[in-house]
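Every number here is computed from the coordinates shown, using simple stated rules; none is lab data. Everything numeric in this text was worked out from a predicted model, so none of it was measured. Here the Cβ positions follow ideal geometry from the backbone for every residue, glycine too, while neighbour counts run over all protein chains shown.
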Ligand code: NDP
């Protein structure tokens with residue numbers, strides 16, 4: 001028997017989440033059984049744990065879109081008992097039972113071996129949000145980062161915190177946009193060289209082009225803020241669009257693309273092929289300062305998840321929440 005956070009749907013259509021003891025026979029089909037050590041809380045997890053069920057495809061369900069742990073049993077030659085592994089994406093925690101349990105069973109294709117130099121806890125301090133930040137940095141590098149600072153929006157969230165730390169370690173100046181100016185010290189400690197108040201970029205665009213300010217951007221907010229920053233990019237610079245914490249609409253014009261050659265790069269962490277995942281995780285192990293990573297972490301247990309899930313949807317979580325499923 002093992003502990004799992006099970007989300008159930010009642011006859012009234014309402015969902016509820018509670019920690020239960022269940023048997024291994026309840027685990028879904030898959031080639032590899034993993035003794036989960038850590039999982040995390042991402043924005044999608046907030047949707048899946050909360051009332052309404054968000055992205056959950058079928059009930060009962062175990063959320064948790066990422067996890068790291070040790071292989072317990074494997075029917076696939078690529079993994080054997082004792083191997084350390086990490087998982088992000090592939091709709092685990094949405095359509096397939098995820099990491100909010102002491103055991104998970106998944107397809108071998110969805111896993112990545114834990115890179116040397118990372119513990120399972122560090123891997124989950126990074127988690128889906130940090131892995132996505134790494135993908136965004138790699139996409140900007142592929143297209144060339146220009147001379148000005150790199151703008152990071154939603155900076156004190158999970159993606160933003162890790163993006164700030166990685167870009168700073170790589171030697172870029174980082175302008176961090178936050179709605180929590182009281183958290184400026186947190187962001188400068190992560191390596192931000194400039195703090196921009198959210199309100200400064202929240203105003204609706206009045207002119208499609210403004211002064212060129214940013215050599216690149218990682219945007220976790222979307223909506224009006226993404227529209228606004230497109231007009232502030234340097235000629236030929238790129239914006240890696242990661243999230244929609246501030247809205248899914250895009251009230252922009254085509255002018256920044258036509259007259260400034262701006263690139264808008266969509267980042268999707270869910271369906272990344274194995275080689276890309278491996279490369280990004282290896283870059284995380286080398287390019288993310290581990291002392292800064294620790295400063296981002298809030299620890300949690302399975303029973304804390306319903307409350308933290310609600311908090312992340314309100315934009316009230318700072319950095320990364322690491323769930324010790326055995327605590
Ligand atoms: P967090 O909730 O940790 O961070 C989001 C941050 O955005 C907040 O901390 C806050 O930062 C800011 N924010 C929140 N609400 C608003 C608002 N209304 N207007 C402007 N800013 C706001 O989430 P994550 O960092 O984990 O994820 C960020 C986004 O990226 C989400 O939309 C998520 O779904 C998406 N995502 C996408 C992935 C992909 O594969 N493309 C993978 C992972 C996440 P501050 O207080 O500093 O302003």
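Restricting to Cα pairs below 8 Å that are 6+ residues apart, what does the relative contact order work out to for segment 128-266? Please round to a whole percent. Don't skip to the end; give the middle numbers.
Details: 321 pairs, mean separation 34.1, N = 139.
Answer for segment 128-266 is 25 percent.
Go ahead and estimate [θ] at 222 nm for the chain from helices alone: -39,500 (n - 2.57) per DSSP H run with n ≥ 4, summed, over the residue count, rounded to 500. Provide the component values of the computation, followed by the final result.
Values: 10 runs with 99 residues, N = 327.
One gets -9000 deg cm²/dmol as the mean residue ellipticity at 222 nm.
In what order do 38, 59, 100, 172 fall by count of nearby beta-carbon atoms within 10 Å, going from fewest to most? Could you put the intermediate results ahead of the total?
Values: 38 26, 59 12, 100 32, 172 20.
With the fewest neighbours first, 38, 59, 100, 172 line up as 59, 172, 38, 100.
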Kindly express, to the nearest 10 degrees and within the range 0 to 90, the angle between helix 120-143's C-alpha long axis and the longest C-alpha principal axis of the chain.
40
For the chain, what does the relative contact order come out to in percent, with C-alpha contacts under 8 Å and a separation of six or more?
20
Scaled radius of gyration (Cα, divided by 2.2 N^0.38 Å) that segment 230-291 gives:
1.46
Take the Cα pairs of the chain, get the Kirkwood Rh, then feed it into Stokes-Einstein at 20 °C and 1.002 mPa s and tell me D in µm²/s.
107
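Quick check on the chain: of the DSSP beta bridges with both residues there, what percent are antiparallel, nearest 5%? All intermediate terms of the calculation are to be shown ahead of the outcome.
On the way: 33 of 56 bridges.
Rounded to the nearest five, the antiparallel share is 60 percent.
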Could you work out how far helix 274-287 tilts from the main Cα principal axis of the chain, as a 0 to 90 degree angle to the nearest 10?
70
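Quick one: 45, 75, fewest Cβ neighbours within 10 Å first, how do they rank?
75, 45
At a 10 Å Cβ-Cβ cut-off, how would you order 196, 65, fewest neighbours first? Can you show the working numbers first?
On the way: 196 20, 65 29.
Ranking 196, 65 by Cβ neighbours within 10 Å, fewest first, gives 196, 65.
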Contact order relative to length of segment 1-80, as percent, for alpha carbon pairs under 8 angstrom and 6 or more apart:
35
Nearest-ten-degree value, helix 158-169 long axis tilted from longest Cα axis of the chain:
60
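For the ranges 298-310, 263-275, 103-115, what's the packing order if you count other beta-carbon atoms within 10 Å of each residue, average per peptide, and put the highest first?
Numbers: 298-310: 18.0, 263-275: 14.8, 103-115: 19.8.
Ranked by mean Cβ neighbours within 10 Å, highest first: 103-115, 298-310, 263-275.
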Just report the Cα centroid separation between segment 195-213 and segment 108-153, whole Å.
27
Return, for the Cα atoms of segment 128-266, the radius of gyration and Dmax in Å, separated by a comma.
13.3, 38
